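Some notes on the structure that comes next.
The values are calculated or read from the model by the stated rules, or taken from the named source; none is laboratory data. No experiment lies behind these values; they were computed from the predicted model shown. Reconstructed Cβ throughout: ideal geometry from the backbone, glycine too, with neighbour counts over all protein chains shown.
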Amino acid sequence: MIKDIVYWGLPQKTEKSNDLTRYRVTNNTVILSALLAAPFLVRAIHWGIDLRIIALSLSEALLVLSFLSLRWFRSPLVGVHFALSGIALGALGGVYSNGGFGHVASGWLYILPLFAGLMGGVNAGMIWTGFSLVSIAAFWFASSLGIVLPVLTPRPDQASFDKLQQLMQFLAIAGCMLAYLYQVKEVDDALLGKIKHLNQEVADRKKAELDAFAASRTKSEFFASMSHELRTPLNSVIGFSERLIRRRINSAGGENLEGDREYDALRSIHDNGKNLLAMINGLLSLAKIEAGQESLIRSPINLPLLLNSLVDEFQPLALSNNLVLENTLTKDCEIYADESKIKQVFVNLISNALKYTEEGQVEISGITGLGPNGGNQISVSVKDTGVGISEEEQGQLFDPYFDKSLHKQSDVKMLGLGLPITKRLVELHDGVISVSSVVGRGSEFTVCLPEICMVNARPEIPVLEPANEGGVLSNK
């Protein structure tokens, strides 16, 4: 309750962590100084000492301004300097009206730098230390010149008044220090609370990571187990359907089977079985990559040769759909990567391009040059003249399980695992895959591989020399 009253109107949060402490220390010091100055003002009025009445009244007014400015301004320094100005004015009035430097009242000039440092920090402490030194030097210089300053305290009350000043100076120092130490304790308590909270967060995140790892391992074990359970009957279905298709073709004796219900049913069983098997293989590959169980076996790869072999492999499919499939990357270009995974990347991209292109061509091209980070990179693009992809779908294209079956003649909707797997395989090589597309005009997928994937950047393998006389192999 008392704390709420004392800190009424003060900011509860500040941009700088030490500002909140300054607000509260200054607020407490202002209240304490105003209370300590009150008895001196009362006695000055009782004795009729006009100089002290004016000085102490102005001092109290400045302390009130400091109290209010702490609640008006976002920075505590305005309130700090108002408070210190009030304390300094009261101290100067007290020293002057008690005969100058050397009197008990001079102690207020010694206390002023302490107040300044505790309330305003190093800079304020240095400023008001300079002020105190200048004031002390001025009074000392006046005394050395023989200038006699007035002693306005009535002689009978001088001793008791000196004791009162000493008591008030002690209370001022003790009160300011206790206020500062109390704020330090509050800051320490808040810091300890944050540390406990952060430790709890760390513990929760560790537990979540362990749970996620356990869930991932369980998922991988489940997929591995289910793959065996699903592949065995699926391979049987595909194998038997192929035998039945061949038997039906043989029994037809060269007759056209288009429209034959039995033949169409067998083809549907066979095609759907293969599609389902491909989907299971895709899920397993994706789970393996996401679990971090996929590793790279790098070796030099002749990229144009690899792409030409893929063009030859897909050429029958392209010709059957009256499409032109060509590779224009003929420049000698070697990369240092995992051949099976790079091949899978371009198999997925070329097969998708052929699947979603009804007329026109699919072109593979590549360039080498500087990447966005200044290093060398190689970029290979697969461009088609197919149906294209809308901007909305482009944002989801590499998400697992996004349905991107746009082929109008496709009877089976596929879970779009090819592109997510492609993206992750490219990222395993520290590369980037991007897409640009216009609906109705086609799409272009670009794979950018960094300098580390270029042959001249691969790590050197040390050449072992024959064993020396001591039987120890050496390398150059």
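Within segment 321-374, restricting attention to residues that are touching a strand residue (DSSP E or B) at 6+ places or on another chain (Cβ under 6 Å) and in a loop (DSSP other than H, G, I, E, B), which residue is nearest to Leu305 (Cα to Cα)?
Applying the filter and picking the extreme gives Leu329.
Given the structure, is Asp189 closer than 30 Å to Asn27 by Cα and either modelled with pLDDT under 85 or in contact with an Asp or Glu (Cβ under 7 Å, 6 or more places away or on another chain) (or both)?
yes
Among the listed residues Ser295, Ser309, identify the single one that is surrounded by fewer than 18 Cβ atoms within 10 Å (Cβ to Cβ) and assigned to a loop (DSSP other than H, G, I, E, B).
Ser295
Pick out the one residue from Arg43, Arg52 that is surrounded by fewer than 20 Cβ atoms within 10 Å (Cβ to Cβ), charged (D, E, K, R), within 24 Å of Phe161 (Cα to Cα) and touching a helix residue (DSSP H, G or I) at 6+ places or on another chain (Cβ under 9 Å).
Arg43
Which residue, of Leu244, Leu257, Leu210, is surrounded by 10 or more Cβ atoms within 10 Å (Cβ to Cβ) and not in a helix (DSSP H, G or I)?
Exactly one of Leu244, Leu257, Leu210 is surrounded by 10 or more Cβ atoms within 10 Å (Cβ to Cβ) and not in a helix (DSSP H, G or I), namely Leu257.
If Gly117 meets every condition in (1) surrounded by 13 or more Cβ atoms within 10 Å (Cβ to Cβ); (2) more than 44 Å from the chain's Cα centre (by Cα) apart from one, which number is that one?
(2)
Quick check: anything in segment 207-214 in contact with a helix residue (DSSP H, G or I) (Cβ under 6 Å, 6 or more places away or on another chain) and among the aliphatic types (A, V, I, L, M)?
No, segment 207-214 contains no residue that is in contact with a helix residue (DSSP H, G or I) (Cβ under 6 Å, 6 or more places away or on another chain) and among the aliphatic types (A, V, I, L, M).
Within segment 157-178, can one find any residue that is of a type outside the set (Lys, Arg), free of Cβ contacts under 8 Å to residues at least 12 places away in the same chain and farther than 30 Å from Thr29 by Cβ?
Within segment 157-178, not a single residue is of a type outside the set (Lys, Arg), free of Cβ contacts under 8 Å to residues at least 12 places away in the same chain and farther than 30 Å from Thr29 by Cβ.
If only one of Leu118, Leu145 is modelled with pLDDT under 85 and at negative phi, which one is it?
Leu118
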